[in-house]
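*Asks:* I'd like to ask you about the structure that follows.
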Amino acid sequence: MARALVIGYGNPSRCDDGFGWKFAESLRQICSSKEAEILHCHQLVPELAEAISKARVVIFVDAKSNGEPGTTDVQTIKSARGNRSNTHHLDPAALLALSETLYGVNPESLLVTVAGKEFEHGDELSPAVAAAMPAALGQVRNIISIVCDSAGDHVFAS
């Protein structure tokens, strides 16, 4: 079982919306499978709840449409049981709630986002988002290292 699960999501055919997908591919190059399970997908779906239930920490990675392009944000995500607006596409909080409901597990979780600029058809990241990739990879790599080194119950301060 991987101690950390990284889920990069978005549409790689929509320029910056593909950040999460490309992030996951890049992270695979610098992170061992013993440290983290790394997935990429177009959207968060209920089938991910099982993988989430097996992780100590889950890190969701996505692009967002608001903010200064290339700006990275990291925030803690908490389970949100009441958020069930669409059973085929979930947000991270609803997916955590589903893992808790089905498997009794609600791991610590983070959402790492980068503000995008271009969301039109295309497979290239905008220059600002591409420039943000190395720093975001470094942040997540450091988080995974903390998870692997941590022997306590909680990885992040509440």
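Coordinate-derived values only; no laboratory data. In this text, all values refer to a predicted model and were calculated from it rather than measured experimentally. Quick reminder, even Gly has a Cβ in these numbers, built from the backbone with ideal geometry, and neighbours come from all protein chains shown.
*Asks:* Kirkwood-based Rg over Rh for the stretch 4-149 (C-alpha set), two decimals?
*Replies:* 0.96
*Asks:* 7 Å from Cα along Cα→Cβ at both Y103 and H42: what's the point-to-point distance in nm?
*Replies:* It is 2.4 nm.
*Asks:* Further question: Could you give the DSSP H helices of the chain that reach 30 angstrom or more along their long axis (alpha carbon positions) and whose average Kyte-Doolittle hydropathy is no lower than -1.0?
*Replies:* Passing helices, by number: 127-149.
*Asks:* Note down the net charge around E50, summing +1 for each Lys or Arg and -1 for each Asp or Glu among other residues with Cβ under 13 Å from its Cβ.
*Replies:* Result for the neighbourhood of E50: -2.
*Asks:* Can you give the calculated 222 nm mean residue ellipticity of the chain, where each DSSP H run of n ≥ 4 adds -39,500 (n - 2.57) and the sum is split over every residue, rounded to the nearest 500 deg cm²/dmol?
*Replies:* On the way: 4 runs with 52 residues, N = 158.
Calculated from helices alone, the mean residue ellipticity at 222 nm is -10500 deg cm²/dmol.
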